[in-house]
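**Student:** Can you read through this structure? Questions will come right after.
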Amino acid sequence: MIRWPLRALRSGLRWAIALVLLFEEWGWEPLSRALGQLERLPVFAWLGRRIRNLPPYAALGIFLLPTLALLPIKLAALWLIGKGHAGMGLLVIVAAKIAGTAIVARLFVLTRESLMRLAWFARWYGRWMTWKDTLLAHVRASVAWQRARRIKAGVRRFLRRRVRV
């Protein structure tokens, strides 16, 4: 009797996590590349070299730093929402998510080699990637995802026809 609410909750949670992961996967490479363009400037090139050469645990600290740095910003966004400024609060959360994804993606590119020297990190990273890929494959195989892809393709075709005319 209690099984169906738990299944529904698990499914909803799975979709919520998958949407966050899909956003991060979508933005990971381009945002990392965009932030990497800063390394054309001497100070950022120097900083990138320093981060690449960090020992494993220092690299882990640098990699985790954006999570802690963005926490006050996200709390401020929640405060804005609580004060009745829902639009501004959501805008701050979205901006923080985009900035956080860009920074974490770039830092991972810079620290990956060093992080993989930590046996426990390499093991958990492999497990994480397997779990993430399985979850995203499940979502991408779903009827809802397939339907959304067909709608997206239809909208693109419609817009291409409109632009050509």
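Readers should treat all values here as calculations from the given coordinates under stated rules, not as data from a laboratory. The shown structure was predicted, so the numbers you read here are calculated from the model rather than taken from an experiment. Cβ placement follows ideal geometry from the backbone for every residue including glycine, while neighbour counts extend to all protein chains displayed.
**Student:** What does the C-alpha gyration tensor say about the overall shape of region 90-140? Classify as rounded when a/c is under 1.5, otherwise prolate if a/b is larger than b/c, or oblate.
**Tutor:** oblate
**Student:** Regarding the chain, what whole-number volume in Å³ per residue does the convex hull of its Cα atoms give? Intermediate values should be presented prior to the final figure.
**Tutor:** Values: hull volume 33.7 nm³, N = 165.
So the per-residue Cα hull volume is 204 Å³.
**Student:** Also, I was wondering about something else. For the chain, what are the DSSP H helices with axial Cα length of 24 Å or more and mean Kyte-Doolittle hydropathy of at least -0.5?
**Tutor:** Span-like helices here: 3-36, 56-82, 86-115, 119-140.
**Student:** Still on this structure, I have one more. Using a Förster radius of 35 Å, what is the FRET efficiency between Arg162 and Trp26 based on their Cβ-Cβ separation? Nearest 0.05, please.
**Tutor:** E between Arg162 and Trp26, to the nearest 0.05, is 0.90.
**Student:** Let me ask something else. Rank these for me by crowding, Val43, Val109, going from fewest to most other beta carbons within 10 Å. Mind dumping the intermediate values first?
**Tutor:** On the way: Val43 9, Val109 18.
Exposure proxy ranking, most exposed first: Val43, Val109.
**Student:** Strictly over 27 Å apart at the Cα level, which of Lys83/Lys152; Lys97/Lys152; Lys97/Lys132 would you flag in this model?
**Tutor:** Result: Lys83/Lys152 exceed 27 Å.
**Student:** Follow-up. In units of 2.2 N^0.38 Å, what is the alpha-carbon radius of gyration of region 26-119?
**Tutor:** 1.25
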